Amino acid sequence: MRNVFHPVFLLLAALTSFTGALEVIYAQLGETATIKPPEIDDFLGHYVYWQLEDRANDVKTLAWRNPLGGSGTFSDDRWKGRLSLSRDSLIIKDVQETDFETFVFKRGPSGTPTKYKLLKFTVSVTPSSPLLPGDSLTLSCSAQTLQGHKDPQIQWLNPSGEKIKKGPAPLTLKVTSQDSGQWICVVTNDKKENKAKVSVTVLDLSPGLLRPQYTSKSWPLTVPCSLPAHISWQQIKAKGLQEVHWHFVPESGRTPQRLFSLSLKDPLTWEKDQNRELRSAADLQKGNLSLTRSRGNEEDQGDYVCTMKFKNGVLLNRTVHVKVLQITSSPGTDLISGQQLNLTCSVGHPTPSDLQLKWVPPEQSSLTPDRHLAHFTVPEVGTADGGKWRCELWQSGALLTSAEITLKIEPKLSLWMLVVICGAAVIVILLLILAFILYRRRQQRMTHLSRRLCKCKTPKPRGFYRT
């Protein structure tokens, strides 16, 4: 049975028992077989012949090479485009059922012929991918045997490289997400190993992040979640997909909030449940379920949960822990030269040992803070320390995120400036007093003048009056 999953490396190195000069080579249908003769230092100094000994013991030349570098291959309909030489090795592409015969190698007209028997090596997987966690999987591996040779030993290695089962019987198991990847069938004969790979896909959400996703107010926010690139939405829907949604659980422990729900009608679209200014990825049709925003903020800290639910009750979850890097300044961002400055850079908890902080002060600043401290104090800042401060978070040489803060530092007032300011204040006060005095005098004059000009309503004539 031809393996219809991922093509595997074709030659499977020689697995051999010897009966006289006969050597056994294993290959898979549809793959490429490499038959490699013994190497010599002067491999170009001899004629080389590759021949086919068919079931009727007839010998036919397949390929040749002369000491001058000329070479050729037999090109009838059976072998056309499938044979080539690499150094002295014979390469057979797209191995067919009729190719499992005996091949003869000769170096020079009088060289001792070496025979190679090509045997069939078969691996298969049932059912075809993709699978859901809990589905049953059967892996089969068989190797053709040759009369007079020991039966080869067969065992399976899982994607983690662990030995699972020995023997030619099929391997059956209930799959989990850890079973997704390349399974390897190892055939051993005479202490020589021959390996064939078969791909198994157990549907799961990726990536499985081992660390939080970091952001800041000056850094983009990305909450990753995606499906395997080689799995289509049609295949996923065929597994009984019911719903896809995003939830957000704030670090403060408040009630989870549903952010988005996926409409499974064509074309696929996200329906927004909460307005947190998040956007879905543009390539949703290719299985990218990620959420993004151009800048993070303090309220982004918490857990984002991407969930797929299927009709059989299977739930696929991917949780992304988001941490926000922040810089705080005490007593604030507006300071006067000579003040004490305290800067703190953190994500709200102690930094893990595999993460490093790096402070980057303004270019004109002469300060050289310990780059790996989350908190440092400057006893007296100067005007040159004003500007943009940056705190970077690194892991194994990779920048995870960075946060920025801008400090404004005014120069300290000198004694001369204080004298000038005080003098100016005294002058202003004297001017105000003088203006007040002048205003009062003017008011008094106006009052006196108004009295002199006052006239009675019933004036009496001048003279003496009898009482």
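The values are calculated or read from the model by the stated rules, or taken from the named source; none is laboratory data. Only a predicted model underlies this, so the values are computations on that prediction, with no experimental measurement involved. Every residue, glycine as well, gets a Cβ built from its backbone with ideal geometry; the counts of neighbours run over all protein chains shown. Accessible surface areas use protein heavy atoms only, side chains included; no ligands, DNA or RNA. Shrake-Rupley method; radii C 1.70, N 1.55, O 1.52, S 1.80 Å.
The residue among Ser226, Gly332, Thr269 whose Cα reaches farthest toward the positive pole of the charge dipole of the chain, with charges on the beta-carbon of Lys, Arg, Asp and Glu, is Gly332. Scaled against 2.2 N^0.38 Å for its residue count N, the alpha carbon radius of gyration of region 94-202 is 1.33.
Among the trypsin sites (Lys or Arg not before Pro) in region 77-135, which ones are in a DSSP loop with at most 10 other Cβ atoms within 10 Å of the Cβ? Mind listing them? The qualifying sites are Lys80.
May I ask for log10 I(q)/I(0) of the chain at q = 0.13 Å⁻¹, from a Debye sum over the Cα atoms as equal point scatterers with solvent left out? One equal scatterer on each Cα of the chain leads to -1.14. Calculate the dipole size of region 204-298 relative to its Cα centre from +1 charges on Lys and Arg beta carbons and -1 charges on Asp and Glu beta carbons; express the result in debye to the nearest 20. Charge dipole, region 204-298, about its Cα centre: 140 debye, nearest 20. Across region 139-202, C-alpha contacts under 8 Å between residues 6 or more apart give a mean separation that, scaled by the residue count, equals a relative contact order of 32 percent. The charge dipole of the chain, taken about its Cα centre with unit charges on the Cβ atoms of Lys, Arg (+1), Asp and Glu (-1) only, comes to about 4440 debye.
Where in region 311-414 are there GluC sites (Glu not before Pro) that are in a DSSP coil and have at most 12 other Cβ atoms within 10 angstrom of their Cβ? Intermediate results must be reported in sequence, preceding the final value.
Numbers: sites: Glu363, Glu380, Glu392, Glu404; in loops: Glu363, Glu380.
Sites meeting the loop and neighbour criteria: Glu363, Glu380.
In region 322-427, the ratio of gyration radius to Kirkwood radius, Rg to Rh, stands at 1.14 when only Cα atoms are counted. Ordered by solvent-accessible area of protein heavy atoms (1.4 Å probe), largest first, the residues Thr122, Thr255 come out as Thr255, Thr122. Karplus-based coupling profile of region 118-130, in residue order and whole Hz: 8, 10, 8, 10, 10, 10, 8, 9, 9, x, 6, 6, x, with θ = phi - 60° in 6.51 cos²θ - 1.76 cosθ + 1.60 and x standing for Gly or Pro.
Which whole-number percentage describes the relative contact order of the chain, with Cα contacts under 8 Å and a sequence gap of 6 or more? Numbers along the way, then the final one.
On the way: 956 pairs, mean separation 45.6, N = 467.
Taking the mean separation of contacting Cα pairs over the length of the chain, I get 10 percent.
Using only side-chain charges placed at the Cβ, +1 for Lys and Arg and -1 for Asp and Glu, the dipole size of region 257-310 relative to its Cα centre rounds to 180 debye.
Taking amide hydrogens as placed 1.01 Å from N in the peptide plane, the amide H of Leu131 sits under 5 Å from those of Thr201, Val202, Leu203, each at least 5 positions away in sequence or on another chain. Of the listed residues Phe74, Phe121, the order by accessible area with a 1.4 Å probe, largest first, is Phe74, Phe121. Modelled spin labels at Thr319 and Ser232, positioned 7 Å past Cα toward Cβ, are 3.5 nm from each other. Under a 1.4 Å probe, what is the accessible area of region 112-178 per residue, stated in Å²? About 52 Å² of surface per residue is accessible.
The portion of the accessible surface of region 242-359 made up by carbon and sulfur, rounded to a whole percent, is 45 (1.4 Å probe; DNA, RNA and ligands excluded).
Could you tell me which GluC sites (Glu not before Pro) in region 242-292 are loop residues by DSSP with no more than 14 other beta carbons within 10 angstrom of their beta carbon?
Working: sites: Glu243, Glu251, Glu271, Glu277; in loops: Glu251, Glu277.
Here the sparse-neighbourhood loop sites are Glu277.
Grab the Cα-Cα distance for Thr112 and Leu367, subtract it from 0.36 nm times how many residues apart they are, and report the gain in nm with one decimal. Walk me through the numbers before you get to the answer.
On the way: separation 255, 0.36 × 255 = 91.80 nm, distance 7.98 nm.
Using 0.36 nm per residue and subtracting the Cα-Cα distance, I get 83.8 nm.
Candidates Val186, Trp389, Val360 compared by Cα position along the dipole of the chain: farthest toward the positive end lies Trp389, with charges placed on Cβ.
Note on Lys163: lysines with a C-alpha under 25 Å away, same-chain residues under 8 apart excluded, are Lys120, Lys150, Lys174, Lys191, Lys192, Lys195, Lys197. Surface composition of region 20-153: carbon and sulfur atoms hold 48% of the protein heavy-atom accessible area at a 1.4 Å probe. Rg and Dmax of region 256-413, based on Cα coordinates, read 21.2, 75 Å.
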